[in-house]
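A quick write-up on the structure given underneath.
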Amino acid sequence: MPNYQSDLFSALSDSKEQIYPDVYRLSRFTKTDKLHKSLGPILQHSPFRKMMTPNGHYTNIAFTNCGEYGWVSNKVRYQYLDKDPLNNQPWPPMPQIFKDLAANAALEAGYSHFMPDSCLINQYLIGSKLGSHQDKNEKDFNHPIVSVSIGLTAIFQIYGKTRSGIKAQFPLYDGDVMVWGDSARLMYHGVKSLTAAPLKPNLTQRVNLTFRKSH
Ligand code: SIN
Ligand code: FE2
């Protein structure tokens, strides 16, 4: 039986699954209502925006960041910046509940003392997808990646060591957290085109938080 408790990090179902070598899915690891509330002021300061990429196209999904550094793309490169290029001000600070969640999830997957300095916030509307890519703009690949799903269900795709050829795909539900590192740290991964949930017409998007130690 799921154990419904009121504090933020109590696991609702308490399941940790190794989905692929060094890739864990923590099912229903967190409630998302407080995370969602924390997003309000962040988005007011640094709204979602699509970004130009070095391949000359705008991204399919929209992004923003909080924390000391934010991941951004332009027509020349991908990089971490300590200021939001939209307003030339520091990114909004990372809320303590984000830091605690990232550290707790990393610990659950075997990584102690994970202290992210960056939280990339992705917005997927229905029909949005994220193509196969590696997360490789960080300075030290010894730190894991922690990724938190909020809202509509996504299908996460693991391509592994090569850009193409799906090795695993599985749903990520609201409150699921993925942690990957070590041999999977540079795995290619992506997210399939988001579909609507007919029984939940008010849910129109998915937001994903990606916690990284960039510097
Ligand atoms: C990412 O790889 O940047 C995000 C993954 C996700 O949305 O689950
Ligand atoms: Fe990624």
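The values are calculated or read from the model by the stated rules, or taken from the named source; none is laboratory data. Since this is a predicted model, take the numbers as computed values, not measurements. Every residue, glycine among them, receives a Cβ derived from its backbone with ideal geometry; neighbour counts consider all protein chains shown. Heavy atoms of the whole protein, side chains included, go into the accessibility calculation; ligands, DNA and RNA do not. Shrake-Rupley method; radii C 1.70, N 1.55, O 1.52, S 1.80 Å.
A few notes on this one:
- The listed residues Arg77, Arg206, once ranked by accessible area (1.4 Å probe) with the largest placed first, stand as Arg77, Arg206.
- Rg and Dmax [Cα atoms of the chain; Å; Rg one decimal, Dmax integer]: 16.2, 51
- At an R0 of 30 angstrom, the distance between the Cβ atoms of Lys161 and Met52 translates into a FRET efficiency of 0.60.
- Carbon and sulfur %, accessible surface of region 7-212 computed with the full protein complex present, 1.4 Å: 53 percent
- Dimensionless Rg ratio for region 83-135, taking C-alpha atoms and the 2.2 N^0.38 Å reference: 1.45
- Structural descriptor for the chain: relative contact order 23 percent, calculated from alpha carbon pairs under 8 angstrom and at least 6 residues apart.
- Scoring 111-122, 85-96, 60-71 by mean Cβ neighbours within 10 Å over their residues and listing the highest first yields 60-71, 111-122, 85-96.
- Here the calculated FRET efficiency for Lys192 and Lys139, from their Cβ-Cβ distance with R0 = 30 Å, stands at 0.50, rounded to the nearest 0.05.
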